[in-house]
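Worksheet: the structure to be examined is printed underneath.
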Amino acid sequence: MMNQLQGEVIAAVAPSSNLGDYETTYNEFKWEDVEKEFSWSTTGRLNLAYEAIDRHVDAGRGGKTALLYSDAERDESYTYEDLQLQSNKFANVLRNLGVSKGDRVFVFMPRTPELYVSILGTIKVGAVVGPLFEAFMETAVKDRLEDSGAVALITTPTLLARVKRDELPELKNIIVVGNDVPTDDGLTDYRSAMSEASSETEIEWLEREDGLIIHYTSGSTGKPKGVYHVQNNMIQHYYTGKVVLDLKEDDIYWCTADPGWVTGTSYGIFAPWLNGATNVVRGGRFSPADWYQTIQKYGVTVWYSAPTAFRMLMGAGEDIIAQYDLSSLRHILSVGEPLNPEVVRWGVKVYGQRIHDTWWMTETGAQLICNYPSLPMKPGSMGRPIPGVEAAIVDDNGKVLPPYRMGNLAIKTPWPSMMRKIWNNPTKYEEYFRIDGWYISGDSAYQDEDGYFWFQGRIDDVINSSGERIGPFEVESKLVEHPAVAEAGVIGKPDPTRGEIIKAFISLREGYEPSDELKEEIAKFVKIGLSAHAAPREIEFKDKLPKTRSGKIMRRVLKAWELQLPVGDLSTIED
Ligand code: WTA
């Protein structure tokens with residue numbers, strides 16, 4: 001399993017990083033020492049929003065800029081004290097609506113300061129946050145609100161149209177942010193409620209194992225899973241912010257992820273504010289010019305993004321880079337999909353910086369295997385485990401495999417930010433821990449003799465398109481709702497920019513003929529029903545799809561067709 005790239009090494013760049021010497025720190029590390037840095041280790045009063053925001057104000061740093069926000073229309077700046085007062089107000093708005101500890105409160109809106117204030121205020125009352133992507137359509141929104149039993153939702157007048165209120169009896173309150181808020185029952189105008197609310201509040205003091213956030217994410221079977229995380233996560237958010245993001249006192253940090261994705265909360269909210277950094281949020285869509293402009297405008301020093309974005313920037317070329325001053329950048333990181341060595345080399349050439357790959361998952365809550373400024377980098381490798389975490393390659397019986405053998409990427413349990421349940425689905429939760437003492441990630445990888453991990457692929461059928469996890473089942477279920485579709489099988493097809501794209505194989509019902517118009521219509525049907533990122537970019541009609549005798553579509557065979565590979569064992573196929 002030797003990777004051809006093995007052997008290429010880019011030297012460490014910052015031996016003076018917060019991590020210090022990796023081997024020494026790794027060997028001497030204890031999570032208890034990190035806990036001592038939180039106020040609750042002495043006061044016993046614990047709430048992540050307090051630690052992220054109010055604690056800095058109490059320590060005299062309230063005037064420091066916490067949030068730099070801009071989009072096409074707005075350009076705003078918020079200090080830690082501003083965020084403290086705003087989130088206090090929002091906590092009071094929620095309390096006035098009867099929201100309390102443990103309730104699920106969802107946010108469904110674009111990145112704006114109000115989104116961040118809503119999330120912090122929700123945490124302050126001890127409720128559990130549920131972030132949704134703005135791109136979600138009716139079915140995707142309903143499935144998640146229904147499964148979690150959400151009692152409140154914060155959204156905008158436009159997105160409100162996608163919320164099927166009559167089918168969600170538990171959803172009692174919707175807070176609407178924007179102009180022209182309708183005055184229906186159950187709707188609250190964010191602005192007027194905020195202007196009436198007091199800026200002082202009683203923070204709900206919690207236990208370490210009390211809920212923090214639910215992120216819905218896709219598996220290969222069934223509907224999306226609600227990955228449930230607790231307050232205790234903050235220990236790892238804080239620590240990885242310090243040693244992986246390498247955040248220091250005067251850093252201007254920009255994480256490009258939306259809070260609908262775990263990267264946008266763990267590293268777009270919690271890690272930077274727990275570390276007292278200045279956090280940049282840029283609204284609107286990706287464009288190379290806009291992104292470089294953002295780095296220049298704010299003097300971004302630490303930048304966390306994803307391989308698809310870096311590949312698109314690479315595609316945009318070097319001429320555009322020459323038009324901006326990017327000299328503030330001192331540390332760049334990536335997450336979500338394999339980071340091509342070519343992209344790392346390009347980063348060194350054009351930004352004068354190594355792009356540091358980091359590996360983790362929604363389920364792991366925070367980074368686990370990473371590249372650090374103080375360690376030599378092997379382009380193509382995800383790096384080495386963070387201090388306090390033991391990772392290994394194990395076979396299906398839990399036997400640890402030697403270097404260069406490919407197997408399950410597994411993490412020794414527990415670690416602070418490990419998910420604590422899959423909402424409403426204990427069976428799914430247990431599947432991750434089926435091998436005693438280990439969390440089984442679903443990724444395959446190998447380790448080299450220096451302890452670096454090398455990603456090889458997913459073991460299941462989960463699709464990773466532009467860093468977003470898409471469950472083939474969810475897409476297939478939507479496809480078969482279309483009147484022309486008899487059966488559908490969905491796979492990830494390799495793509496040079498997006499990593500993978502969604503390809504659907506479809507057999508049609510009687511009376512329907514294959515055509516390009518029908519392909520377009522079906523793709524649009526998924527886009528409108530589920531979300532744009534779940535819509536197949538390619539559709540192929542087949543008379544019949546390969547199925548097991550129990551009627552399960554064999555995606556493995558579809559993939560082999562697509563890649564023109566041998567189809568393997570077909571003993572369970574229907575005929
Ligand atoms: C993939 C949350 C290669 C992997 C951050 C994982 C990666 C899944 C990397 C998690 C990486 C994430 N290199 N693959 N550095 N990081 N992945 O929960 O398959 O949306 O299991 O990501 O993304 O997806 P999730």
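The values are calculated or read from the model by the stated rules, or taken from the named source; none is laboratory data. Predicted model, so just to flag it, every value in this text is computed and none were measured. In this analysis, Cβ positions are derived from the backbone assuming ideal geometry, glycine residues included, and neighbour counts consider all displayed protein chains.
Here is a check on your reading of the model: is residue 524 in a helix (DSSP H, G or I), surrounded by fewer than 18 Cβ atoms within 10 Å (Cβ to Cβ) and either of a type in the set (Ser, Thr, Tyr) or in contact with a strand residue (DSSP E or B) (Cβ under 8 Å, 6 or more places away or on another chain) (or both)?
Taking the combined requirement at face value, the residue does not satisfy it.
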Q. Is it true that residue 346 is surrounded by 22 or more Cβ atoms within 10 Å (Cβ to Cβ) and away from the ligand (no atom under 13 Å from the Cβ)?
A. no
Q. How about the range 108-123: which of its residues are touching a Gly at 6+ places or on another chain (Cβ under 7 Å) and of a type in the set (Val, Ile, Thr)?
A. 112
Q.
I'm told residue 558 meets every condition in (1) in a strand (DSSP E or B); (2) under 30 Å from residue 307 (Cβ atoms) except one. Can you identify the failing condition by its number?
A. (1)
Q) Name the pairs whose Cβ atoms lie under 6 Å apart, with the first residue in the range 461-473 and at pLDDT below 90, the second hydroxyl-bearing (Ser, Thr, Tyr) and more than 10 Å from the ligand (Cβ to nearest atom), and 6 or more positions between them or separate chains? A) 461/220; 462/220; 467/308; 473/221
Q. Which one of the conditions (1) surrounded by fewer than 23 Cβ atoms within 10 Å (Cβ to Cβ); (2) within 13 Å of the ligand (Cβ to nearest atom); (3) aromatic (Phe, Trp, Tyr) does residue 324 fail to meet, given that it meets all the rest?
A. (2)
Q: Please determine, by comparing only the residues of the range 432-465 that are among the hydrophobic types (A, V, I, L, M, F, W, C) and buried (at least 19 other Cβ atoms within 10 Å of the Cβ), which one is farthest from the ligand (Cβ to nearest atom).
A: 438
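Consider the range 353-404. How many of its residues are hydroxyl-bearing (Ser, Thr, Tyr) and within 20 Å of residue 257 (Cα to Cα)?
Number satisfying all stated conditions: 3.
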Q.
Taking the condition of being touching a residue at least 40 places away in the same chain (Cβ under 8 Å), among the polar types (S, T, N, Q) and over 17 Å from residue 76 (Cα atoms), how many residues in the range 270-305 meet it?
A. 2
Q. Restricting to the range 128-145, what's the tally of residues that are without any contact (Cβ under 8 Å) to a residue 40 or more places away in the chain and closer than 30 Å to residue 201 by Cα?
A. 1
Q: Would you check if there is a residue in the range 258-280 being over 11 Å from the mean Cα position of the chain (by Cα) and more than 27 Å from residue 364 (Cβ to Cβ)?
A: no
Q | Residue that is modelled with the lowest pLDDT [pool: residues in the range 299-320 that are touching an Asp or Glu at 6+ places or on another chain (Cβ under 6 Å) and not polar (S, T, N, Q)] | A | 307
Q. What number of residues within the range 411-431 satisfy the criterion of being more than 11 Å from the ligand (Cβ to nearest atom) and touching a residue at least 12 places away in the same chain (Cβ under 8 Å)?
A. 14
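Results for (1) hydrophobic (A, V, I, L, M, F, W, C); (2) touching an Asp or Glu at 6+ places or on another chain (Cβ under 9 Å); (3) surrounded by 22 or more Cβ atoms within 10 Å (Cβ to Cβ), shown as yes or no for each residue.
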| site | (1), (2), (3) |
| --- | --- |
| 196 | no, no, no |
| 218 | no, yes, yes |
| 227 | yes, yes, yes |
| 230 | yes, yes, yes |
**Q.** Among residues of the range 239-263, those that are farther than 18 Å from residue 38 by Cα and of a type outside the set (Asp, Glu), counted
**A.** 13
**Q.** Hits in the range 194-214 (condition: touching a residue at least 40 places away in the same chain (Cβ under 8 Å), not β-branched (Val, Ile, Thr) and not in a loop (DSSP other than H, G, I, E, B))
**A.** 194, 206, 211, 212
Q) Would you pick out the residues in the range 45-82 that are in contact (Cβ under 8 Å) with a residue 40 or more places away in the chain, of a type in the set (A, V, I, L, M, F, W, C) and surrounded by 15 or more Cβ atoms within 10 Å (Cβ to Cβ)? A) 46, 48, 49, 52, 53, 66, 67, 68
Q: Go over the candidates 358, 364 one by one and state the one that is touching a Leu at 6+ places or on another chain (Cβ under 8 Å) and of a type in the set (S, T, N, Q).
A: 358
Q. From the set of residues in the range 160-191 that are in contact (Cβ under 8 Å) with a residue 60 or more places away in the chain and of a type in the set (Val, Ile, Thr), which is surrounded by the most Cβ atoms within 10 Å (Cβ to Cβ)?
A. 175
